[in-house]
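In what follows, a single structure is set out as structure tokens and then discussed.
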Amino acid sequence: MSSFFGSSRSVQEAKDKEKDNSARTVRDFVQEKPGATYEFSSDDETRKAEICRRTSDGVSCIKIEGTSKKLFETMQGLGFFCALPADPKRTHMECKPLMPPS
């Protein structure tokens, strides 16, 4: 029995590490341009996501492991307000900073 619990714990530890790495990657990406508007979408089945930022310089995107829920939580934790766009044909989330960077 101990090997069963040991392997289960290892799988959970690997998932937690993946979440930490993805959150750190998003934080680093956002800190480059904290006043930008961000958009993200994900395929929760494959746990693949893309987050992009729009600035006057253009669009920059990164791909990460994660779900929409996790990205939503991470962006809120970074001080962003995230919501679906008003156009029902668009299904990505848009995130804007609550407070402009000082």
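The values are calculated or read from the model by the stated rules, or taken from the named source; none is laboratory data. All values reported here derive from a predicted model rather than from experimental measurement. Because the Cβ atoms are built from the backbone with ideal geometry, glycine has one as well, and the counts that use them run over all protein chains shown.
Of the residues in segment 18-41, how many are buried (at least 17 other Cβ atoms within 10 Å of the Cβ) and within 9 Å of the chain's Cα centre (by Cα)?
Going through segment 18-41 one residue at a time, the tally reaches 5.
Pairs please, first residue from segment 31-58 and under 13 Å from H92 (Cα atoms), second anywhere and hydrophobic (A, V, I, L, M, F, W, C) and not in a strand (DSSP E or B), Cβ atoms under 6 Å, 6+ apart in sequence or on different chains.
F40/L71; A49/L71; R53/A36
What residue, among those in segment 55-75 that are part of a strand (DSSP E or B) and at pLDDT 90 or above, is surrounded by the fewest Cβ atoms within 10 Å (Cβ to Cβ)?
G58
Determine if segment 42-53 includes at least one residue that is among the small types (G, A, S), at pLDDT 95 or above and assigned to a strand (DSSP E or B).
no
Among the residues that make up segment 82-95, is at least one of them in a loop (DSSP other than H, G, I, E, B), over 17 Å from Q31 (Cβ atoms), touching a residue at least 12 places away in the same chain (Cβ under 8 Å) and touching a Leu at 6+ places or on another chain (Cβ under 9 Å)?
Looking through segment 82-95, at least one residue is in a loop (DSSP other than H, G, I, E, B), over 17 Å from Q31 (Cβ atoms), touching a residue at least 12 places away in the same chain (Cβ under 8 Å) and touching a Leu at 6+ places or on another chain (Cβ under 9 Å).
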